[in-house]
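Coordinate-derived values only; no laboratory data. All of these numbers come straight from a predicted model, not from anything done at the bench. Backbone-built Cβ (ideal geometry, glycine too); neighbour counts: all protein chains shown.
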Amino acid sequence: MQLSTNHLLGIKELSIEDISLILSTAQQFKEVLQRPIKKVPSLRDVTIVNLFYENSTRTRISFELAEKRLSADTINFAASGSSVSKGETLLDTVNNILSMKVDMVVMRHSASGAPHFLSKHLPHTAIINAGDGINEHPTQALLDAFSIIEHAGTLDGKKVVIIGDIMHSRVALSNIYLLKKMGAEVMLAGPPTLIPTYVKEAFGVRVEYNLKKALQWCDVANVLRIQLERQNQVLFSSLREYNLAYGVTRKLLEELDKEILIMHPGPVNRGVEIDSDVADSRQSIILQQVENGVAIRMAVLYLLAGKKEG
């Protein structure tokens with residue numbers, strides 16, 4: 001089987017078959033990662049540039065590790081230490097890199113649509129979106145889905161609540177697209193100021209402003225951080241007030257009549273959107289998400305490299 005696309009720009013463009021293929025391929029790579037020798041020659045002689053215009057820790061390291069596990073040649077590019085700071089345009093930067101015969105570009109950018117722009121100008125190079133503005137973060141949604149399936153067996157019929165700063169979250173949008181395509185029920189929870197008014201009708205999701213009701217409804221809670229760096233106006237009174245109203249605490253979970261899975265894409269703001277005794281609890285699969293990120297990114301790189309050759 002092959003992906004129906006030459007790039008991974010977002011979940012929105014993927015078919016159910018594409019998603020299933022990535023998840024099943026990731027399962028095979030996760031088994032590879034359990035071996036004493038974790039490296040495979042699948043992407044030998046493939047050159048990948050990691051083009052990060054925004055700060056990143058987990059995503060960048062996860063992609064780098066996935067590339068090394070597949071034996072690819074990698075180039076790491078950070079905008080802060082490049083000619084971008086001297087005024088070079090995005091297209092100039094990429095054309096210069098491609099003149100070095102690069103096969104794939106993994107890109108994170110603060111502008112929504114930047115990877116789509118690249119794919120139009122560089123159709124013969126596989127572009128992977130590692131997060132663009134407040135648009136999408138497809139590999140995060142894929143690893144979240146993979147992590148839920150590991151514990152719940154399926155996404156079909158599962159109730160997933162996404163809690164927090166929905167308005168500024170590319171993780172939320174990619175998760176909504178993926179979960180809906182794969183048959184899950186989705187609810188968004190948080191303060192009214194952080195949930196856009198159009199989402200309920202536009203995406204067919206539920207909206208709940210009472211956190212306890214949302215947690216009582218769900219099987220899985222995916223907790224997002226408050227993205228203060230993207231907020232250009234005051235949307236709630238203080239982080240303490242936010243924690244009191246929407247922080248996921250041990251006390252709140254103990255009041256539920258069931259046990260739910262707790263997820264977080266990171267970085268975690270402990271004591272704000274989630275308390276430490278929840279983030280580190282038996283219900284939390286946050287570290288499994290990080291581990292699964294490498295397998296998912298190996299799968300995406302492998303499948304797109306195969307598509308390029310085909």
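Distance check, please: which entries in LYS159/LYS213; LYS181/LYS258; LYS39/LYS68; LYS158/LYS180; LYS159/LYS258; LYS180/LYS213 exceed 19 angstrom between their Cα atoms?
LYS181/LYS258; LYS180/LYS213
Fewest to most neighbouring Cβ within 10 Å: what's the order for LYS38, LYS101, LYS68? Display every interim value, and only then the final one.
On the way: LYS38 13, LYS101 7, LYS68 16.
Ranked by crowding around the Cβ, least crowded first: LYS101, LYS38, LYS68.
From the phi of every residue in region 265-276, what ³J(HN,Hα) in whole Hz does the Karplus formula 6.51 cos²θ - 1.76 cosθ + 1.60 yield, where θ is phi - 60° and glycine or proline is x?
Those phi angles translate into x, x, x, 8, 9, 5, x, 10, 7, 8, 8, 4 Hz.
Could you give me the ³J(HN,Hα) list for region 296-302, computed from phi with Karplus coefficients 6.51, -1.76, 1.60 and θ = phi - 60°, whole Hz, x at Gly and Pro?
Computed from phi, the couplings for region 296-302 are 5, 6, 4, 4, 5, 4, 4 Hz.
For the chain, what is the calculated [θ] at 222 nm in deg cm²/dmol (nearest 500), taking -39500 (n - 2.57) for each run of four or more DSSP H residues and dividing by its residue count?
Details: 12 runs with 127 residues, N = 310.
The helix-only estimate for the chain comes to -12500 deg cm²/dmol at 222 nm.
Give me VAL40, VAL171, VAL199 ranked fewest to most by other Cβ atoms within 10 Å of their Cβ, as a rough exposure proxy.
With the sparsest Cβ surroundings first, the list reads VAL40, VAL199, VAL171.
Per residue and in cubic angstrom, what volume does the convex hull of the Cα atoms of the chain have? Don't skip to the end; give the middle numbers.
Details: hull volume 41.9 nm³, N = 310.
Value for the chain: 135 Å³ per residue.
Need one number: nm distance between label points at ARG58 and ARG270, each 7 Å from Cα along Cα→Cβ, rounded to one decimal.
In this crude spin-label approximation the distance works out to 1.5 nm.
Would you list GLU208, GLU255, GLU150, GLU67 from fewest to most Cβ contacts within 10 Å?
On the way: GLU208 19, GLU255 11, GLU150 14, GLU67 24.
So the ranking, lowest neighbour count to highest, is GLU255, GLU150, GLU208, GLU67.
Using all alpha carbons of region 138-289, what is the percent of pairwise distances in each 10 Å bin, ordered from the shortest bin to the longest?
Computed distribution, short to long bins: 11, 46, 37, 6, 0.
Using modelled backbone amide H atoms (1.01 Å from N, in-plane), which distant-in-sequence or interchain residues come within less than 5 Å of ALA72's amide H?
Those qualifying (amide H under 5 Å, at least 5 residues apart or on another chain) are LEU43.
With a Förster radius of 30 Å, plug the Cβ-Cβ distance of THR249 and GLN27 into 1/(1 + (r/R0)^6) and report the FRET value to the nearest 0.05. Write down the numbers at each step before the final one.
Working: r = 34 Å, r/R0 = 1.12.
Working from the Cβ atoms, E equals 0.35.
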